[in-house]
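Input: a single structure, listed below in structure tokens.
The values are calculated or read from the model by the stated rules, or taken from the named source; none is laboratory data. Bear in mind that the values here come from a model prediction, so they are computed numbers and not experimental data. Don't worry about glycine lacking a Cβ; one is built from the backbone with ideal geometry, like all the others, and counts go over all protein chains shown. Only protein heavy atoms, including side chains, enter the accessible area calculation; ligands, DNA and RNA are left aside. Shrake-Rupley method; radii C 1.70, N 1.55, O 1.52, S 1.80 Å.
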Amino acid sequence: WGVVLPSDSADAHALHLANFETGEPPDFPGTVITVSKNLGDKLKAMSADKLDKAKLNVTRVTQEVTLDTPVHASTVQGHTSTFLYRHAGARAETDRSVTISITPTFGDPDLYVSTCATAEQCLPLAYYDLVERSPGDDVMVVPMVPSKPLVAIVVEAADTTEYTMLLSTASSIVPLEPGDQPRRPAVPRRYEAGADEYRYFSVRFPAAAHDQPLHFAVTPLTGDPDLYLAASSQDTPVRPDKTDSTWSSAEQEGQPQHRYEHLTVATSDRGRCSGSGCTYYLSVQADHAPSTFSVVAWAGDTAVQLVEGGRQAGELPAGGTRFYVAHVAGSHSD
């Protein structure tokens, strides 16, 4: 048995309870679920005798996710959202692991993951193979084996949270969100790479950025990542590296060491391209040792979104200005 919490919204995604906002979620016995306002109103209208005898049949809602496709979701504090990924096809032959990255707009999502052979084994989960509960954004590398091609992903909201989840592999070129000043901020993404390995990203800037400097930044969380950058107007993807790139943040002999990696492409740079077909490709290499990092790209004065619990490095010339945006769930916000 368990507890049913009626929501004030039609889709049951929003829930407001004072004790959820001032401390730990209540220690309800059994299973806690949130139902829509319509169903909640019907349950409230039932007599105590009928309600005591009533049974509620609940089916876990599971969303299937695919590689390289961002998933935007929200989870209420103390609740969970469940996702399922099937690692199969040609990429499964070469990519032996899957990286799960969760970037919250606000709140604190925690990540629980298990691999299994069939969907019946995955859900419901009695235990988890991997757990990531760090504050703010989370990243997890899940090893894959042919006998367990399914990945069950459970996101639990330590605080009510809105987030973007993205699954990728070592061969993925992950799209970045550069924002569109002043309407949308640029969004950092957290990733990790093994020693001397690369992670690949791409970004297309809005048309309004054609006369603005372009910025690319990598904030090290662990290790020493290096950033390599190239631009292309061709359809074939580009993967720059330490031997072939147009711009590089890799430390040169005699230059001072930086705590993070930053590249600026000026409007006058010869390697710069523009137009709807122009794509910038970033490669981040973990130099000599494993590295965890966040990566972000933006144009001109576009604000950069700050991730709750995360670090964001920056660089400014004398008299310069940089803009940031932070989203916080208020005392009456879900």
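Numerical summary
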{"read-out": "Residues that are modelled with pLDDT of 90 or more and either assigned to a loop (DSSP other than H, G, I, E, B) or basic (Lys, Arg) (or both), drawn from region 197-222", "value": "197, 199, 204, 205, 212, 213"}
{"read-out": "Matching residues, region 157-168, being modelled with pLDDT under 90 and either open to solvent by less than 10 Å² (accessible area, probe 1.4 Å) or basic (Lys, Arg) (or both)", "value": "157, 161"}
{"read-out": "Residue in region 121-154 that is surrounded by the fewest Cβ atoms within 10 Å (Cβ to Cβ), counting only those that are aliphatic (A, V, I, L, M) and modelled with pLDDT under 85", "value": "126"}
{"read-out": "Test: residue 252 is at pLDDT below 80 and surrounded by fewer than 17 Cβ atoms within 10 Å (Cβ to Cβ)", "value": "yes"}
{"read-out": "So residue 333, is it at pLDDT 90 or above, of a type in the set (S, T, N, Q), surrounded by fewer than 13 Cβ atoms within 10 Å (Cβ to Cβ) and not in a strand (DSSP E or B)", "value": "no"}
{"read-out": "Qualifying residue in region 36-44 (condition: modelled with pLDDT of 65 or more, open to solvent by 60 Å² or more (accessible area, probe 1.4 Å) and small (Gly, Ala, Ser))", "value": "no"}
{"read-out": "Residue list for region 272-330, restricted to those being in a strand (DSSP E or B) and more than 26 Å from residue 192 (Cβ to Cβ)", "value": "299"}
{"read-out": "Tally of residues being at pLDDT 80 or above and not in a loop (DSSP other than H, G, I, E, B) across region 84-99", "value": "6"}
{"read-out": "Some residue of region 243-259 being within 19 Å of residue 185 (Cα to Cα) and out of contact with any Gly (no Cβ under 9 Å at 6 or more places or on another chain)", "value": "no"}
{"read-out": "Odd one out for residue 204, checked against (1) among the basic types (Lys, Arg); (2) in contact with a Phe, Trp or Tyr (Cβ under 7 Å, 6 or more places away or on another chain); (3) open to solvent by 50 Å² or more (accessible area, probe 1.4 Å)", "value": "(2)"}
{"read-out": "Pick from region 52-83, criterion among the charged types (D, E, K, R) and either closer than 18 Å to residue 107 by Cα or outside any loop (DSSP other than H, G, I, E, B) (or both), ranking: least open to solvent (accessible area, probe 1.4 Å)", "value": "64"}
{"read-out": "Strands (runs of 3 or more DSSP E) contained entirely in region 131-187, each with at least 2 residues that are over 13 Å from the mean Cα position of the chain (by Cα) and more than 17 Å from residue 66 (Cα to Cα)", "value": "150-168"}
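Every residue, every condition in (1) among the basic types (Lys, Arg); (2) under 20 Å from residue 323 (Cβ atoms); (3) free of Cβ contacts under 8 Å to residues at least 24 places away in the same chain, yes or no:
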| residue | (1), (2), (3) |
| --- | --- |
| 174 | no, no, no |
| 185 | no, yes, no |
| 200 | no, no, no |
| 205 | no, yes, no |
| 208 | no, yes, no |
| 211 | no, yes, no |
| 228 | no, no, no |
| 232 | no, no, no |
| 270 | yes, no, yes |
